[in-house]
Amino acid sequence: MAPEDFEKIDAASTCILCSACYSECVSYEVDKNFLGPAALAKAQRFVHDTRDLATDERLKKLSEYGGIWDCAHCFNCVQACPKPTEPLWRILQLRQEAHRRGFHDNNGWRHAYGFVKIIEESGWLDEAKLPLKSVGTLKEIVSDLIPVGLRMSLKGKYRPNPLHLLPGMHHPEIPKMAEVRQIIQRVRAAEAQPKTTESSEEEQG
Amino acid sequence: MANEAQAGTGMPGKRYAFYPGCVSKGACKELKRATELVARHLGIELEELTEAACCGAGIMDDVDPEMTDALNARTLAMAEQRGLTLLTQCSTCQGVLNKINKELQRDKKKRDRINSILKETGYQYNGTVEVKHLLWVLVDENEYGLSRLREQIRRSLEGLSVAPFYGCYILRPSDLLGFDHPHRPTSLDELIRALGATPVDYNGKSKCCGFPLQLIHPKNSFTMAGNHLSEAKSKGADLMVTPCPLCHLNLDARQPEASRVLQEQGKISGEIGLPVLHLPQLVALALGYTPKELGMRTHITSTRPVEEKLGV
């Protein structure tokens, strides 16, 4: 194993299974089906191990209910961890890998990817559009999003322009959006370049 | 609006590069309004960074860390060009900006790489900016400070029991922020006390509001919000206050769902019914502004009980 490959799993490998992260985990507190911080950190240790051949199989399971997208991002595990494991950062690495390898059929990925697409359009978050991009079923729109949208609109708290939600439309851009587009183009160009030191991590879709 | 005419005393005249954050221009416009009223009243000058992009809210880096770093570096560079501290009114914006700021300050290789992405925009970030939340500015005696704030109070909030909801991003990871204790914080409690009110202690105050899971796992999200609201209410809170508009959206706009989930779990019978204020709304009430001026009537959970108790 090359030293630079080991670097990717070095932090997760330091876990001493003390479970301090479970004591602090807010998602595990309300849902015992959540795999939890240390287990997910361990998963990252295998997903990014170049000797391991079950990467896609693992990421598929990890993208299901109870996996990487059920973390609430509260930083309690980072705070509690006595070693460099710091599970939240490992969970982020898993989300990024799941994105690269095409495990996209879940609200967690749709939410994150939808967020990026909105920022690419206008530079700032469209809070009416993001929920629609995040959920996967009409039932969620009808039973959850429409009630809260109506509630906020009736109170005068938030009244988005419905025209902005139509395909190809978006809310007003931030001033100097051209600069944001330049940055995004540069980032995308860098991503498209073949990686020399990270060839073992080539994406599959 | 009579109160606005009385503004502008006891000022240190400090100027900040103001990063309002997307939510305060969308679903929580009342937050920006309250921050601007408080700042004007106290003589804190805000230079809004209208051209700054979204910080990514801790979500964008799930799929696109490089874009998140580059857009935030551009924002930091805007404050650096002005020679100003970057001020946020959102815990999440603060957390994201502070994390990236510390990484860019500590890691020159990364800074060079991000600066090469920024090159065509004319911005370069050299790592000299500080990022502060409004709460820290109000509490820290080196910034505005509570002793100055106490002198400005026109309507003491005496008699009000206020549950501070800190949430996550303003506390953790503490090695990146370092302002308050990650689990036993005091800054918001001190602010509540300075305004004349009584802080309510409860377990949930430094936990997650559930917002990040709202669209991913609603039941878990609303259980978290409901647990904290219900616990604060059972400890005698008249209202909750938060320095984060994302927490506010889950605790206030989603309180009907939080009540329903807790009812299904057999924890409560009726509605929770706990008003939730943004941090600057609470401060502005003590400075003499009216609930209507502060947009409190647009909140989903009625703030009338608080207004009646205060007699406003």
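Bear in mind that the values in this text are calculations on the coordinates, not laboratory data. All values reported here derive from a predicted model rather than from experimental measurement. Neighbour counts are summed over all protein chains in view; Cβ atoms, including those assigned to glycine, are modelled from backbone coordinates with ideal geometry.
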So for R0 = 30 Å, FRET eff. of A:Asn161-B:Arg297 from the Cβ-Cβ r, to 0.05, ends up at 0.85
Once you sort the root eigenvalues of the Cα gyration tensor of region A:3-103 as a ≥ b ≥ c, which label holds: rounded (a/c under 1.5), prolate (a/b larger than b/c) or oblate (the other case)? oblate
Sorted largest first, the Cα spans of chain B on the principal axes come out in Å as 57, 47, 31
Farthest positive-ward along chain A dipole, Cα basis, beta-carbon charges - from A:Pro3, A:Leu154, A:Ala41: A:Leu154
If you look at just the Cα atoms of region A:107-184, how large are its Rg and its Dmax in Å? 13.5, 39
Percentage relative contact order, region B:69-193, counting C-alpha pairs under 8 Å, at least six apart: 28
Would you mind checking which residues have amide H under 5 Å from B:Glu48's amide H? H placed 1.01 Å from N; only 5 or more apart, or other chain. B:Phe18
Please tell me the relative contact order of region B:76-134 in percent, rounded to the nearest whole number, where contacts are Cα pairs under 8 Å and at least six residues apart. 57
Efficiency of FRET between B:Arg154 and A:Tyr65 - r from beta-carbon atoms, R0 41 angstrom, step 0.05: 0.20
Net charge near B:Phe179, counting Lys/Arg +1 and Asp/Glu -1 over other residues with Cβ under 10 Å of its Cβ? -1
Residues with beta-carbon under 13 Å from that of A:Val78, excluding A:Val78: net charge, scoring Lys, Arg +1 and Asp, Glu -1? +1
Placing unit charges on C-beta atoms (Lys and Arg positive, Asp and Glu negative, everything else neutral), compute the dipole magnitude of the protein assembly as shown about its Cα centre in debye, rounded to 20. 820
Place a +1 charge on the Cβ of each Lys and Arg in chain B and a -1 charge on the Cβ of each Asp and Glu, then give the dipole magnitude about the Cα centre in debye, rounded to the nearest 20. 140
Tell me, how many Å apart are the Cα centres for region A:34-56 and for region B:122-151? 40
Can you tell me the length gained on complete extension of the stretch A:Leu150 to A:Ala192, counting 0.36 nm per residue apart and subtracting the Cα distance? 10.9 nm
To the nearest 20 debye, what is the magnitude of the charge dipole of region A:1-143 about its Cα centre, counting +1 on the Cβ of each Lys and Arg and -1 on the Cβ of each Asp and Glu? 240
Any idea how far the Cα center of region B:204-264 sits from the one of region B:18-63, in Å? 22
Relative contact order of chain B (C-alpha contacts under 8 Å, at least 6 apart) in percent is 18
